[in-house]
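Chemist: The following block contains the structure, expressed as structure tokens.
Every number in this text was worked out from the coordinates using simple rules, so none of it is lab data. What you see is a predicted model; the values in this text were computed from it and never measured. Reconstructed Cβ throughout: ideal geometry from the backbone, glycine too, with neighbour counts over all protein chains shown.
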Amino acid sequence: MRGLQGKRIVIAGGATGIGAATAERLAEEGAAVVVGDLNIDGARATAKRVTEAGGTALAVEFDLADERSVQALISRAVSELGAIDGLYNVGAELSPETMGRDTDLLGMDPAIWRRNHDVNLLGYALTCREAIPHLLDQGGGVIVNTSSGAAWGGDPSRPAYSASKAGVSSLTRHIAGRWGKEGIRCNGVAPGVVMTDAFKQSDSADVKAWALRSIRAPRLGEPEDLAGVVSFLFSDDAAYVSGQVWSVCGGWSLRE
Ligand SMILES: NC(=O)c1ccc[n+]([C@@H]2O[C@H](COP(=O)([O-])OP(=O)(O)OC[C@H]3O[C@@H](n4cnc5c(N)ncnc54)[C@H](O)[C@@H]3O)[C@@H](O)[C@H]2O)c1
């Protein structure tokens with residue numbers, strides 16, 4: 001991919017899963033990555049894999065739900081790398097305690113809605129707020145946000161998660177529209193079912209079978225499927241793509 005060599009990209013949520021695979025792929029393409037995450041051990045493990053493969057990576061502990069911590073992540077990235085060229089928002093509140101209680105709108109706990117909002121949507125808005133002035137200092141840059149097929153899938157469960165991800169899609173279009181003329185491209189990816197290690201280890205044979213029936217591809221998604229698309233969106237090969245939220249879902253969102 002063109003234009004990734006030497007680019008400095010902050011990954012907000014790169015300890016495991018899609019974020020970790022994308023950190024490795026971006027580094028393989030020549031970018032220096034700052035791997036931010038609440039899970040610092042996981043972030044360090046990702047950074048170690050990157051550096052062992054010959055890349056440049058720095059692990060930073062931060063919390064999407066904590067404004068000061070988000071500020072510290074971006075300022076640390078700028079001070080360590082001199083500047084930043086990109087931001088990849090990928091972390092999300094996926095803990096069983098929150099996801100498991102995000103089931104029924106009529107019986108909702110508002111705290112679950114607030115938590116989804118604070119991490120998944122406000123957290124992304126805060127990382128963007130902190131990063132955009134630095135991107136403008138560089139004459140522009142690239143932001144990629146992680147939405148979800150749940151944002152438009154009409155999922156009968158997970159209303160708070162789905163709503164937070166729909167907000168991410170909207171935030172993405174806002175940023176593309178507001179700062180496009182100043183050289184900032186902003187896109188989103190909406191994964192379908194992606195077989196992260198956590199998902200593979202879970203006892204979810206029924207979910208896997210349901211997911212496989214729902215898509216048009218012969219297999220479920222892997223983190224590397226997202227890593228390739230996200231890296232492309234950061235690259236100069238995607239120089240004329242902005243304000244889009246791409247489904248990366250094996251045809252799950254296809255309509256007849
Ligand atoms: N895996 C899927 O099937 C799937 C489908 C649709 C969307 N997504 C989205 O893809 C993204 C990555 O998910 P994944 O499946 O790789 O899961 P994952 O759990 O491996 O990754 C999520 C990361 O976010 C981090 N995180 C959680 N709360 C945080 C916080 N408050 N501050 C900072 N970091 C925090 C976690 O520690 C973890 O490293 C998420 O935004 C998720 O909503 C995933």
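Chemist: Please go through the stretch 119-144 and pick out each residue that is of a type outside the set (A, V, I, L, M), buried (at least 23 other Cβ atoms within 10 Å of the Cβ) and over 16 Å from K181 (Cβ atoms).
Modeler: N120, G123, Y124, T127, C128
Chemist: Now, a different point. I need a count of the residues in the stretch 30-49 that are closer than 19 Å to S235 by Cβ and more than 18 Å from the chain's Cα centre (by Cα).
Modeler: Qualifying residue count, the stretch 30-49: 1.
Chemist: Still on this model: Among the residues that make up the stretch 84-103, is at least one of them in a loop (DSSP other than H, G, I, E, B), in contact with a strand residue (DSSP E or B) (Cβ under 9 Å, 6 or more places away or on another chain), within 20 Å of G14 (Cα to Cα) and more than 10 Å from the ligand (Cβ to nearest atom)?
Modeler: Going residue by residue through the stretch 84-103, those that are in a loop (DSSP other than H, G, I, E, B) are 84-85, 90-95, 100-103.
Within this subset, residues satisfying the condition of being in contact with a strand residue (DSSP E or B) (Cβ under 9 Å, 6 or more places away or on another chain) are 84-85, 90-92.
Within this subset, residues satisfying the condition of being within 20 Å of G14 (Cα to Cα) are 84-85, 90-92.
When the remaining residues are screened for being more than 10 Å from the ligand (Cβ to nearest atom), the result is 84-85.
Yes, the stretch 84-103 contains at least one residue that is in a loop (DSSP other than H, G, I, E, B), in contact with a strand residue (DSSP E or B) (Cβ under 9 Å, 6 or more places away or on another chain), within 20 Å of G14 (Cα to Cα) and more than 10 Å from the ligand (Cβ to nearest atom).
Chemist: Within the stretch 111-120, can one find any residue that is closer than 19 Å to S157 by Cα, free of Cβ contacts under 8 Å to residues at least 60 places away in the same chain and not in a helix (DSSP H, G or I)?
Modeler: No, the conditions are met nowhere in the stretch 111-120.
Chemist: Within the stretch 199-246, track down each residue that is over 20 Å from the mean Cα position of the chain (by Cα) and aromatic (F, W, Y).
Modeler: W210, Y240
Chemist: Here is a check on your reading of the model: is R25 without any contact (Cβ under 8 Å) to a residue 24 or more places away in the chain and not polar (S, T, N, Q)? Spell out how you get there, then give the answer.
Modeler: Details: without any contact (Cβ under 8 Å) to a residue 24 or more places away in the chain: no; not polar (S, T, N, Q): yes.
So R25 fails the test.
Chemist: So, in the stretch 63-83, exactly how many residues are in a helix (DSSP H, G or I), closer than 29 Å to F232 by Cβ and not hydroxyl-bearing (S, T, Y)?
Modeler: Number of matching residues: 8.
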